[in-house]
Amino acid sequence: MEVLWLVIVVGMLVGYVVLDGFDFGVGVLYLLVARSEDERRTTLASIGPIWSGNEVWLIASGGLLFFAFPRAYAAGFSGFYLALIIVLWLFILRGLALELRSHMAHPIWTGFWDGGFAAASGLLSIVFGAALGNLIRGVPLDSTGYFFTALWTDFTPGPEPGILDWYTVLVALTTTALLALHGAYFLVMKTVGELALRSRRMATRCEWMTVPLFAITAVVTPWVQPVISEAFAARPTGLFFPASAVFALAGALWAHSRGREVVAFACSSVTLISILASAAWGLFPNLLISSGNPAHSLTIYNAAASPHGLSIGLGWFTLGIALVVAYSLFVHRLFWGKVESRPVNGPY
């Protein structure tokens with residue numbers, strides 16, 4: 001039952017990264033690809049009907065983590081308190097930018113919210129990437145199962161690391177590059193004219209940044225966290241996931257070079273799914289690895305709720321996920337297709 005709930009929680013997080021990842025990427029590239037007022041309104045309209053719905057997956061993931069693995073939820077949310085407060089403020093800024101931008105037709109007003117939207121999107125990509133780096137590297141859990149991590153210490157991984165060190169910064173940069181690439185493919189797929197051409201050129205530049213960062217991160221990760229290489233050696237069938245990530249990224253580059261943007265976007269989605277599946281497989285059964293003493297690590301077995309509670313929750317989850325999937329499919333199907341130029345007196 002614990003393994004099933006781990007699959008459920010990871011699956012929800014994967015859904016969030018794939019769905020909200022492209023609108024983070026659109027935000028990262030927003031000021032670079034959309035130069036006129038008309039292009040900026042069109043760019044925002046490409047994600048306008050779906051960005052808030054995509055975030056339902058993050059809220060559901062947090063709720064399921066709290067339900068299934070309450071000790072890991074408590075330790076993570078208290079240890080990363082400072083980072084989570086930053087995330088909260090960035091979500092607020094990003095939401096306000098999207099909602100308030102069109103309320104006043106003045107260049108200072110729209111410029112302020114445009115900058116806020118791009119900055120919040122980029123910083124959220126960096127923070128979420130750093131969070132993934134912390135989960136892989138490990139945190140200073142003590143014998144009670146709790147920890148506190150400063151924003152940074154000496155920028156080196158070790159028994160008492162900060163949230164930011166050279167490895168977590170590397171993962172954050174790789175994540176931001178991957179999400180920017182994901183967003184660029186999405187923009188090419190959704191827009192027309194000069195905006196689509198500029199997005200296509202930006203996707204090519206993102207590919208040049210993503211490939212070396214992806215390769216460096218893949219090489220150093222087993223060295224920073226030996227548990228990962230030990231897990232793949234013990235369960236080699238899991239090598240399917242990193243292999244899938246490499247082939248999917250290569251497929252995205254191939255499809256983009258031939259103008260097949262729907263295929264490129266699909267391959268980009270598979271790349272993100274495979275990377276997160278690789279991390280989950282390599283860390284299994286750990287949820288939070290102690291950087292000081294492995295005996296203090298929180299696993300799916302010592303952090304799980306009672307078996308009776310997990311069994312009861314499975315029925316409610318089945319009903320809830322059916323509603324979330326149905327709603328997501330309906331919204332994305334409803335707004336499928338190219339986004340045309342936006343009228344000045346309309347939203348965004």
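Given the conditions (1) under 30 Å from PRO222 (Cα atoms); (2) part of a helix (DSSP H, G or I), and given that TYR301 satisfies all but one, which numbered condition is not satisfied?
Only one criterion is unmet by TYR301, namely (2).
Just to confirm my filter: which helices (runs of 4 or more DSSP H) fall fully inside the stretch 1-106 and include at least 2 residues that are open to solvent by less than 10 Å² (accessible area, probe 1.4 Å)?
Output list reads 2-33, 37-47, 56-68, 70-79, 81-100.
Do you know which residues across the stretch 154-185 are crowded, with 22+ Cβ neighbours inside 10 Å and aromatic (Phe, Trp, Tyr)?
Residues satisfying the conditions are TYR167, TYR185.
Residues of the stretch 193-221 being β-branched (Val, Ile, Thr) and open to solvent by 50 Å² or more (accessible area, probe 1.4 Å), which ones?
THR204, VAL211, ILE216, VAL219
Let me confirm something: among ILE50, ILE59, ILE126, which residue is at pLDDT 90 or above and within 17 Å of TYR16 (Cβ to Cβ)?
Only one candidate qualifies: ILE126.
Does the stretch 145-153 contain any residue that is more than 13 Å from the chain's Cα centre (by Cα), surrounded by fewer than 19 Cβ atoms within 10 Å (Cβ to Cβ) and under 27 Å from LEU31 (Cβ atoms)?
Looking through the stretch 145-153, at least one residue is more than 13 Å from the chain's Cα centre (by Cα), surrounded by fewer than 19 Cβ atoms within 10 Å (Cβ to Cβ) and under 27 Å from LEU31 (Cβ atoms).
Table: residues versus (1) farther than 23 Å from LEU181 by Cβ; (2) of a type outside the set (Ser, Thr, Tyr); (3) touching a Gly at 6+ places or on another chain (Cβ under 8 Å).
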{"position": "ALA277", "(1), (2), (3)": "no, yes, no"}
{"position": "PHE284", "(1), (2), (3)": "yes, yes, no"}
{"position": "GLY292", "(1), (2), (3)": "yes, yes, no"}
{"position": "LEU298", "(1), (2), (3)": "yes, yes, yes"}
{"position": "GLY313", "(1), (2), (3)": "yes, yes, no"}
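How many residues, within the stretch 202-213, are out of contact with any helix residue (DSSP H, G or I) (no Cβ under 6 Å at 6 or more places or on another chain) and either of a type in the set (A, V, I, L, M, F, W, C) or under 17 Å from VAL263 (Cα atoms) (or both)?
3
Listed here are the residues, each with its yes/no results for (1) over 29 Å from ALA196 (Cα atoms); (2) touching a Gly at 6+ places or on another chain (Cβ under 7 Å); (3) of a type outside the set (Lys, Arg); (4) in contact (Cβ under 8 Å) with a residue 40 or more places away in the chain.
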position: VAL7; (1), (2), (3), (4): yes, no, yes, no
position: TYR16; (1), (2), (3), (4): no, no, yes, yes
position: PHE22; (1), (2), (3), (4): no, yes, yes, yes
position: ALA34; (1), (2), (3), (4): no, no, yes, yes
position: ARG41; (1), (2), (3), (4): no, no, no, yes
position: GLY76; (1), (2), (3), (4): yes, no, yes, yes
position: TRP89; (1), (2), (3), (4): yes, no, yes, no
position: ALA97; (1), (2), (3), (4): no, yes, yes, no
position: ILE108; (1), (2), (3), (4): no, no, yes, no
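Among the residues of the stretch 212-242 satisfying the criterion of being without any contact (Cβ under 8 Å) to a residue 12 or more places away in the chain and within 20 Å of the chain's Cα centre (by Cα), which is farthest from TRP281 (Cα to Cα)?
PRO212
Search the stretch 151-162 for residues that are in contact (Cβ under 8 Å) with a residue 60 or more places away in the chain and under 17 Å from ILE136 (Cα atoms) and pair each with any residue that is open to solvent by 90 Å² or more (accessible area, probe 1.4 Å) and in a loop (DSSP other than H, G, I, E, B) when their beta-carbon atoms are under 6 Å apart and the residues are at least 6 apart or on different chains.
The qualifying pairs do not exist here.
Which residues, counting only those in the stretch 156-174, are outside any helix (DSSP H, G or I) and out of contact with any Leu (no Cβ under 7 Å at 6 or more places or on another chain)?
THR156, PRO157, GLY158, PRO159, GLU160, PRO161, ASP165
Being under 24 Å from the mean Cα position of the chain (by Cα), buried (at least 17 other Cβ atoms within 10 Å of the Cβ) and assigned to a helix (DSSP H, G or I) narrows it down to one of ALA322, ALA280, so name that one.
Result of the check over ALA322, ALA280: ALA280.
The values are calculated or read from the model by the stated rules, or taken from the named source; none is laboratory data. If you're wondering where the values come from, they're calculated on a predicted model, not measured in any experiment. In this analysis, Cβ positions are derived from the backbone assuming ideal geometry, glycine residues included, and neighbour counts consider all displayed protein chains. What goes into the accessible areas is simple: the full protein's heavy atoms, side chains included, and nothing from ligands, DNA or RNA. Shrake-Rupley method; radii C 1.70, N 1.55, O 1.52, S 1.80 Å.
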